[in-house]
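One structure is given below, encoded as C-alpha cells.
Rule-based calculations on the coordinates, nothing more; no lab input. Just so it is clear, the structure is predicted and the values come from calculations on it, not from any experiment. FYI the Cβ positions are ideal-geometry reconstructions off the backbone, even for glycines, and counts take in every protein chain you see.
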Amino acid sequence: MNAVRHKTNISNVLVIGSGGAGLRAAIEAKLSGVEVTVIGKRKKEDVHTVLAAGGINASFGNVDPKDSWQQHFADTMIEGYHLSEPKMVELMAKEAPGLVEEIDQWGANFAKLENGKIDQRYFGAHTYRRTCYSGDYTGRSILKALIKKAKELKIPIYDSQYVTELLVHNNLCFGAMAFDINNGERTVFLADSTILAAGGHTRIWRKSSSRRNENSGDAFYLGLKAGCKLKDMELVQFHPTGMVVPEEIAGTLVTEAVRGEGGHLINGKGERYMAKYDADRMELSTRDRVAMANYLEIAEGRGSKNGGVYLDISHKSKEFIIQKLPRMYRQFLDTLMLDISKEPMEVAPTAHYSMGGIEVDPETHNTGVEGLFAAGECTGGLHGANRLGGNSLAEILIFGKRAGHHASQRSLSLDIQYRSKQVIREAHANIDRFLKHGDQVARPLQRELRNIMWEHCGVVRTEDKLEEGLRRIEKLKISVKLLDVRPDSEGFEDLMLAFDLEGAIMAAEATILGAKARKESRGAHQRADYIDTHKEHEVNYTIRLEANRKLVLGKEKLKPLTDELRSLVDDTDEITDFEGMLLE
Ligand SMILES: Cc1cc2nc3c(=O)[nH]c(=O)nc-3n(C[C@H](O)[C@H](O)[C@H](O)COP(=O)(O)OP(=O)(O)OC[C@H]3O[C@@H](n4cnc5c(N)ncnc54)[C@H](O)[C@@H]3O)c2cc1C
C-alpha cells in the first residue's frame, strides 16, 4: 500500500458546497484577508441554487411603502408557527435589504421599477410585496453574480469533489476528506475553519422539486458524524405545486410566482376551491395551507385527470406570462407541449425544502463543533414549521456572509493548524469499506427510500405509517452493506451513490424520529392522528448520533422573544383556524 494515498490542499477556510450559501461565505472569507477553497460535488454553474425561481425577500417598501423589517420579522415568525429562532429571523429581516442591493450590484440584475428601484412582487403569506426577482430565474441570476465575484477574487472552486467525512478530533474540525468523482483521487482538505453549506434532503422523497444526485441529505450525515446536533428534521416543506406529468419529472416545481402573478387553483369539478381553505388570501395563502388544500382536493376525489389539481394563468396575456414567468412557459412547452397561456397546468404537492437542519449559533453560525460552521439550507432555525417563499435566498446570502466572516476571524486568531493522522487514516478506511463486490445496486435502493419517505412520512403522517417507515429503513440499512461498488469507465459514480444512499438513510431516519416525537399538527408537519397544534410541542426536537451509530432524540425549549419583538408579532393578524383542517 502507498504511504501517501491522497493529495493535500491547505487553506485557512474550507467551504463545502458551491451553492449560494457556500459562495457568499467564501467571498466574505476572502474579503477578510484569508485563503479560501470551495469544493462541491456538482458543477458550480449547476448547483441546486440555480433552481430557485420566484425571488428573494427584502423589506425595501419600493412597491408597498408601509413595509418594514419589523413586518418581515413578524410575518416570518407567525408563518413559522412560532418555532423559528427569533434572533436569526431578526438578523434576516434587518440585513436582507443590504445583501439584496449588494448582489444586484454584483450583477444579479433584478427587475426594476420605472424609477430605477428594485421591483417587488407578492409571495404567499407576506403582508406586503417584498419579493425581489429576476424573471423566474432569480436563483440563476444570484449564482451567476456570486460566481463572477468569486472569480474576480480568484477563489478556487473545485467541482466533482465528493466529501465523505469531516475531519474531527476531540470536537475540533480541521478539514474534510473528499474524492474526485471522475477518477477517485482522494484529497485531504486541511483548514482552520470549515463551512458546511451542502444543502438539504428533499430529494429523498419520491416527488421532489430537486433533481437527481442533489439534496440527498449529505450535510446532515456529515454534520451528525462530526458531532453536530440537528433540529426539527420533521419540518419539511411540501410545496403545493409540483408537476404531475410526465411521471419521470413528477414533482418538478411550478413556482409560487405563478400564483403571485395571479394564477388560480381549480379542482376537477371546475371550482376555485381556495375560498374554502383561506377565503382572505386565496391562492396566496401560506404554503402549508395551500399544500394541504391541494392534498385534500385530490385525496377526496376532486382531482384533475392525472391525479393533481389545475393551476390556471391562461386569463393573463401570453406577453405577460412570457415576461413574468419565462421559465414556466418554457418548462411546460418543453416537457408537455403545453402552452400555459392557453391551458391550465396540472399540479400536486412535492417535497421542496428542509426547514430543519444543523443547529447553529444564530449570529456566527458556529455548529458547536470547534472550527465547524454551517450555512444555508443545511441549517435549522430560521423557518420554523413553514418557510415563507423567498426567505431562503435571503438566508443563504445573509448567513453565508456571516459564516464566512466568523470562520475567517477564527482562522486569523489561530497560531497553529491542527491535524490528526489517525483521523485521516480512518477517513480512508471509511471510503475503502465500500469498494467491493456485492449483490446490491444503489439506484433501486434509493428509489425504495424515496417511496418509503413518500408513503410513510409524506404530506400527512400517522404513528403507524412512521413506525412502518422505520422498519423498512432498517431493512435498507442491511442492503447498503451489500452494495456493489466498483470504478468503471464512467468514473466513481457508484461510490458517490453509495455515500449518497448512506447519508440519505440517516437523514430519513432522523426525519421520521422527529415526526414521531412531534405528536401534533403544526405548519408543514401534519399528523392525521394528532390534528391539533399543542403548546407542549412548542419546542425544538433535536437529533444526535451516538458513538454506537444510534440516532438519539432530544427536546429543547424555544429561545424567548424579547418584549419588543413579541409586540411586533402580536400586532400582526394571525390565522389560527388551521387546526382540524384534516377533519373537514
Ligand atoms: C425548484 C426550486 C425553486 C426554489 N425557489 C426559491 C425561491 O424562489 N426563493 C427562495 O428563497 N428559495 C427558493 N428555493 C430554495 C433555495 O433555492 C435553496 O434553499 C437554496 O438555493 C439553498 O442554497 P444552499 O447554498 O444552502 O445549498 P445548495 O444550492 O443546495 O448547494 C449545496 C452545495 O453542496 C454541494 N454538496 C452537497 N453534498 C456534497 C458532498 N457530499 N460533497 C461535496 N459537495 C456537496 C452541492 O454540490 C452544492 O454545491 C427553491 C428551491 C427549489 C428546489
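Give the separation of the Cα centroids, the range 393-413 to the range 537-575, in Å.
Between the Cα centre of the range 393-413 and that of the range 537-575, the gap is 23 Å.
Quick check: the distance between the Cα centres of the range 109-179 and the range 273-331, to the nearest angstrom?
Computed from Cα coordinates, the inter-centre distance equals 28 Å.
Give me the Kirkwood hydrodynamic radius of the range 394-528, using the inverse of the mean 1/r over all pairs of distinct Cα atoms, in Å to one decimal.
That comes to 18.1 Å for the range 394-528.
Compute the separation of the alpha-carbon centres of the range 9-41 and the range 446-495 and state it in Å as a whole number.
32
Order these by the 10 Å Cβ neighbour count, fewest first: His239, His82, His437.
His437, His82, His239
Under the Karplus relation 6.51 cos²θ - 1.76 cosθ + 1.60, θ = phi - 60°, what is the ordered set of whole-Hz ³J(HN,Hα) values for the range 258-274, x standing for Gly and Pro?
4, 6, x, 8, x, x, 10, 9, 10, 8, x, 8, x, 8, 7, 7, 4
Roughly how tilted is helix 442-456, in degrees to the nearest 10 and between 0 and 90, from the longest Cα axis of the chain?
The two axes meet at around 40 degrees.
At a Förster radius of 25 Å, what calculated FRET efficiency corresponds to the Cβ-Cβ distance of Lys66 and Asn115, to the nearest 0.05?
0.90
Which Cα, out of Gly54, Phe492, His534, lies furthest along the positive dipole direction of the chain (beta carbon charges, K/R +1, D/E -1)?
Phe492
Within the range 363-402, name every residue whose backbone N is under 17 Å away from a label modeled 7 Å from Cα of Asn430 along the Cβ vector.
Label zone hits: 367-374.
Could you pull out the trypsin sites (Lys or Arg not before Pro) across the range 199-306 that fall in loop regions by DSSP (anything but H, G, I, E, B) with no more than 14 other Cβ atoms inside 10 Å?
Those that pass, being in a loop and sparsely packed, are Arg212, Lys269, Arg272, Lys305.
Using label points projected 7 Å from each Cα along Cα→Cβ, tell me how many nm separate His315 and Val552, to one decimal.
Result: 5.7 nm between the two label points.
In the calculated pair distance distribution of the range 188-329, what percentage of Cα-Cα distances lie above 22 Å?
Of all Cα-Cα distances in the range 188-329, 51 percent exceed 22 Å.
First select every other residue whose beta carbon is under 12 angstrom from the beta carbon of Met328; then total the charges, Lys and Arg +1, Asp and Glu -1.
Counting the neighbours of Met328, the net charge comes to 0.
I need the Debye-formula profile for the range 448-584: one equal scatterer per C-alpha, no solvent, reported as log10 I(q)/I(0) at q = 0.08, 0.12, 0.13, 0.15 1/Å, two decimals.
-0.33, -0.64, -0.72, -0.87
Evaluate the relative contact order of the chain (contact order divided by residue number), counting alpha-carbon pairs under 8 angstrom at least 6 apart; express in whole percent.
Over the chain, the number comes to 21 percent.
Of the cross-linked pairs Lys41/Lys421; Lys117/Lys401; Lys94/Lys535; Lys30/Lys154; Lys229/Lys557, which ones have a Cα-Cα span greater than 19 Å in the structure shown?
Lys41/Lys421; Lys117/Lys401; Lys94/Lys535, as the Cα separations exceed 19 Å there.
Let me have the 222 nm mean residue ellipticity of the chain computed from DSSP H runs of 4+ only, each contributing -39500 (n - 2.57), with the sum over all residues rounded to the nearest 500.
-11000 deg cm²/dmol
Would you mind counting up the charge near Leu551? Only other residues with Cβ under 9 Å from its Cβ, with Lys and Arg at +1 and Asp and Glu at -1.
After counting each charged neighbour, the total is +1.
With +1 on each Lys and Arg Cβ and -1 on each Asp and Glu Cβ, how big is the dipole of the chain about its Cα centre, in debye rounded to the nearest 20?
Once rounded to the nearest 20, the dipole reads 1420 debye.
Considering only Leu222, Ile249, Leu235, whose Cα is most displaced toward the positive end of the charge dipole of the range 185-332, charges sitting on Cβ of Lys, Arg (+1) and Asp, Glu (-1)?
Sorting the options by dipole projection puts first Ile249.
What is the percent of Cα-Cα separations in the chain that go past 37 Å?
Result for the distance tail: 28 percent.
Measure nothing fancy, just the Cα-based angle from helix 69-79's long axis to the longest principal axis of the chain, in degrees from 0 to 90, nearest 10.
90
What number comes out for the charge environment of Arg259, summing +1 per Lys or Arg and -1 per Asp or Glu over other residues with Cβ under 11 Å away?
Result for the local shell: -1.
Only four residue types carry charge here, +1 at the Cβ of Lys and Arg and -1 at the Cβ of Asp and Glu. Report the dipole size of the range 237-349 about the Cα centre in Debye, rounded to the nearest 20.
Using Cβ point charges on Lys, Arg, Asp and Glu, the range 237-349 gives about 220 debye.
Which angle from 0 to 90°, rounded to the nearest 10, does the C-alpha axis of helix 138-152 make with the longest principal axis of the chain?
The two axes meet at around 30 degrees.
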